[in-house]
Every structure is written in structure tokens, then in C-alpha cells.
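The values are calculated or read from the model by the stated rules, or taken from the named source; none is laboratory data. Bear in mind that the values here come from a model prediction, so they are computed numbers and not experimental data. All Cβ positions, even for glycine, are placed from backbone atoms using ideal geometry, and neighbour counts span all protein chains on display.
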Amino acid sequence: MARIRQGALALIAFLIAGPALAHPHVFVTAKAEMVFSGGQLTAVRHIWQFDEAFSAYAIQGLDANNDGALTRAELAPLAQVNVDSLADYGFFTWLSVDGEQVAFAAPSDYFLDIYHGQLTLFFTLPLAIPAPIIRTATLDVFDPEYFVAYEFVTDAPITLVDPPLRCSSLFYPPPFLDPATAMALAAIPADERILPADLAGAAADLANTIVVTCGG
């Protein structure tokens, strides 16, 4: 259990026991789904694939039967601790509907798997109260402290599941960091989670933003 907890804490940005890397310390390739039912937005689904170096670190010692392959069952305790811990960070996910911030219920349908040798987390964030979109919904995914860097896939970064007929989506990637800011962030050690004030604003601008527009 201690090994599982260590992996989970690394996953959400406490990788202080691993190699000393520059900010960001973990790289995630992501895609998202926004799920509708009865014309209302009901959930956000995430798929997060972690970089090879972090994946190798996080899964050490988890092959319980030593067969050289990790099953979902073997990864299930790590998945549980991950989602429990990610809750402290709002799952790095912010959603507003028609200008109002929306709350999420407890995550569901979560599991870890290995794809192409990389640890991949699947989980669903149900809305606490389903929300009709009169005009727009905005989904932001990022780590404000830039410990974890998110990059959405270029091919279908967002999928709308059973949306109303007149809904469409646009994806806006974060801006590129200027070289001076990138170098300043790279100089921050792994055990320093909170960014200096002069860098916090730059990191907060690195959101992956999805805007869903519906007729009305």
C-alpha cells in the first residue's frame, strides 16, 4: 500500500522521491468527452496518458504475480488512491456553464490501464446537478502550479456524447511559454510545489480550453 500511495502522490504532483526534474515534472497527453443526456450536460470524461518516464516510475512493484504485465485489477488500488488524491486539486478541471461555475460529484468509472507501455487513467466527473447549456460551456484543464503539463491530442481532443442538435465545440490549446519564463520554471526543484508569485500568473495561463456552444 505504501508503494501504491507513493505512485499516487507522484501522479498528482508530489513526485519528491523520484528524480529531480524541472517544472513540469509529469507530462500528460489528454482527451476529454462532454456527456449529455436529455439535452443537459451531465458529465466530463477524461483520458490521461502519462509520459514514459513517469509511467515506469509509478508502476514499480505493482506486478503482483510477476508475469511482466499489469492488469486493471493490479492497478485498481493505485487508481483508487489517485482519484481520492486528485480531488484535493479539483481534478485539475474547471467547468462553467453560461458563466456560472459548475460543481462535480464524486468521480466514477475510474481505472488505470497500460497502453503502448504508458500508464493511462480513465475517469468520469459527473456534474453535481445536470446543466442545460443555453449559450456556452467552458471546460479548462490544467495545473495552475505547472507541476503537471497537459497536452491534448490534436486528433479529436474533445468529443460531445449525445449532445443537443445545435451544439458544437472548439478547442483552444494553451499559449507557448516564452523562453525566459520556461527557463525560470525549469529551475524550480521537484520538492517546491508552490510557484513564486512572478511565475504563478504565467502558469495559470496554460489552460487547455474547450468551448461548447449550443443554439439558443
**OP:** Please give the number of the condition V81 fails out of (1) touching a Lys or Arg at 6+ places or on another chain (Cβ under 7 Å); (2) modelled with pLDDT of 90 or more.
**Re:** (2)
Original post:
Which residues, taken from segment 100-141, are loosely packed, with under 15 Cβ neighbours inside 10 Å and of a type in the set (A, V, I, L, M, F, W, C)?
Top reply: A103, A105, A106, A128, I129, I134
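Per-residue answers, yes or no, for (1) modelled with pLDDT of 95 or more; (2) touching a Lys or Arg at 6+ places or on another chain (Cβ under 6 Å); (3) of a type in the set (G, A, S):
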| position | (1), (2), (3) |
| --- | --- |
| L139 | yes, no, no |
| D155 | no, no, no |
| Y172 | yes, no, no |
| C214 | no, yes, no |
Original post:
Are there any pairs, at least 6 apart or on different chains, whose C-beta atoms fall under 6 Å, with the first in segment 195-216 and hydroxyl-bearing (S, T, Y) and the second surrounded by 13 or more Cβ atoms within 10 Å (Cβ to Cβ) and at pLDDT 80 or above, and if so, which?
Top reply: T209/D140; T209/Y172; T213/T136
**OP:** Just name the residue that is farthest from P24 (Cα to Cα) out of those in segment 176-216 that are β-branched (V, I, T) and within 22 Å of the chain's Cα centre (by Cα).
**Re:** V212
